[in-house]
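Report on the following structure.
What follows is calculated from the coordinates using simple rules that are stated; it is not laboratory data. Because the structure is predicted, anything quoted here is derived from the model rather than measured. In this analysis, Cβ positions are derived from the backbone assuming ideal geometry, glycine residues included, and neighbour counts consider all displayed protein chains.
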């Protein structure tokens, strides 16, 4: 078994005008594909590692052989992070979550607007390349964090539920250096149904 580039559930132009088709095509078809290719190449000499979901490897990096641990962290993280990023966007996204996720956001942040402000601030103030996250612990407690490069909350014992990519290649063709505009636009394509499904799965 080898890791594979997941297909998108929408066409490259489906998130226009908020996320342009050319950026999405390059981001998914070139950047993400390169992470998958490099991850598979790194693990060619360790085929037993390929039997594990990438999330399992990233959740226990100490168990990954020293020779390929950095490659798994970087390329495996790139694969996992992008896979979640694509899955939690949709052409009919935006709005607010409902159900148990909405209740958890109310409990842990005091309301959706406060949560949104916290994640947006993490994204805009993150120095350099990285990600802003909504993640959960095993008891359902939510928190907002940012990580650098391709690091993931999985490596810190948390379940990632939603992520915003603030590497420049995620937005530069359309937004140039206006990261704040990209962050504001992204909220309108968040697939809250998928995020809620992942939260409920994590709690089950």
Pair residue 149, residue 13: separation of 7 Å Cα→Cβ label points (nm):
3.8 nm
Please find, in a Gaussian network model of the chain (springs between Cα atoms separated by less than 10 Å), the residue of 141, 193, 78 whose mean-square fluctuation is greatest.
141
List the relative contact order of the chain as a percent without decimals, with contacts defined as Cα pairs under 8 Å and 6+ residues apart.
25 percent
With -39,500 (n - 2.57) per DSSP H segment of 4 or more residues and division by the full residue count of the chain, the 222 nm estimate, nearest 500 deg cm²/dmol, is -12000 deg cm²/dmol
What translational diffusion coefficient, in µm²/s and rounded to a whole number, does the Stokes-Einstein relation yield for the chain at 25 °C and a viscosity of 0.890 mPa s, taking the hydrodynamic radius as the Kirkwood radius over Cα pairs?
141 µm²/s
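Provide Rg over Rh for region 21-87; use the alpha carbon set for both Rg and the Kirkwood Rh (inverse mean inverse pair distance).
Result for region 21-87 is an Rg/Rh of 1.00.
Rounded to the nearest 0.05, what FRET efficiency is calculated for residue 69 and residue 4 with R0 set to 22 Å and r the Cβ-Cβ distance?
Details: r = 22 Å, r/R0 = 0.99.
It comes to 0.50.
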Average projected area [Cα convex hull, region 99-203], square nanometres
6.3 nm²
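Calculate, for residue 124 and residue 176, the FRET efficiency according to 1/(1 + (r/R0)^6) with r their C-beta to C-beta distance and R0 22 Å; round to the nearest 0.05. Walk me through the numbers on the way to the answer.
Values: r = 15 Å, r/R0 = 0.67.
The value I calculate is 0.90.
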Taking the Cα-to-Cβ direction at residue 200 and at residue 107 and moving 7 Å from each Cα, how far apart do the two end points lie in nm?
1.6 nm
Could the peptides 116-123, 5-12, 62-69 be put in order, highest first, of the mean number of other beta-carbon atoms found within 10 Å of their residues?
116-123, 5-12, 62-69
Can you tell me how much longer the chain between residue 61 and residue 21 gets when fully stretched, taken as 0.36 nm per residue apart minus their C-alpha distance, in nm with one decimal?
10.9 nm
